[in-house]
Amino acid sequence: MMDLNTQIMTLIASFLYGAFFSFLVSVNYKYLYQQKIFIRILFTFMFIFLNVLVYFIILKKINQVILHPYSLGMILVGFCMEHYLHHFIVNYFKK
């Protein structure tokens, strides 16, 4: 059982990591969706593997790598928030 402080730190870290992951997907879009199938599979595998490894290292520092469903949900919320914020900023400055 985790205490409340650890749960809040896990939620915040998961949200921020979701936003960070969305940013990395945007930056590496060209490589993730390349035409050559071998390079695309290799780069996608390495990209996901390294991101999962970094997330588990962060969780190890916070709560001994206890993974809860709400932390995965916060990654998804952070990913979506950064995605929509990115599009909002791009559209705002396009005008």
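Quick one: how many residues across segment 75-95 are open to solvent by 70 Å² or more (accessible area, probe 1.4 Å), part of a helix (DSSP H, G or I) and either of a type outside the set (A, V, I, L, M, F, W, C) or more than 16 Å from L16 (Cβ to Cβ) (or both)? Counting residues in segment 75-95 that are open to solvent by 70 Å² or more (accessible area, probe 1.4 Å), part of a helix (DSSP H, G or I) and either of a type outside the set (A, V, I, L, M, F, W, C) or more than 16 Å from L16 (Cβ to Cβ) (or both) gives 10.
Among the criteria (1) open to solvent by 70 Å² or more (accessible area, probe 1.4 Å); (2) touching a helix residue (DSSP H, G or I) at 6+ places or on another chain (Cβ under 6 Å); (3) not hydroxyl-bearing (S, T, Y), the one N63 does not fulfil is (1). Within segment 1-51, if we keep just the residues that are aromatic (F, W, Y) and open to solvent by less than 60 Å² (accessible area, probe 1.4 Å), the residue that is farthest from the chain's Cα centre (by Cα) turns out to be F47. Condition check for V54 on (1) open to solvent by less than 70 Å² (accessible area, probe 1.4 Å); (2) among the β-branched types (V, I, T); (3) over 14 Å from the mean Cα position of the chain (by Cα): one failure, at (3). Cβ-Cβ distances below 7 Å connect the following pairs, each with a first residue in segment 51-65 that is farther than 19 Å from F23 by Cα, a second residue that is open to solvent by less than 70 Å² (accessible area, probe 1.4 Å) and in a helix (DSSP H, G or I), and a separation of six or more residues or different chains: I62/T6; I62/T10; I62/A13; N63/T6; N63/T10; V65/L59.
The values are calculated or read from the model by the stated rules, or taken from the named source; none is laboratory data. In this text, all values refer to a predicted model and were calculated from it rather than measured experimentally. Don't worry about glycine lacking a Cβ; one is built from the backbone with ideal geometry, like all the others, and counts go over all protein chains shown. Ligands, DNA and RNA are excluded from the accessible area calculation, which covers all protein heavy atoms including side chains. Shrake-Rupley method; radii C 1.70, N 1.55, O 1.52, S 1.80 Å.
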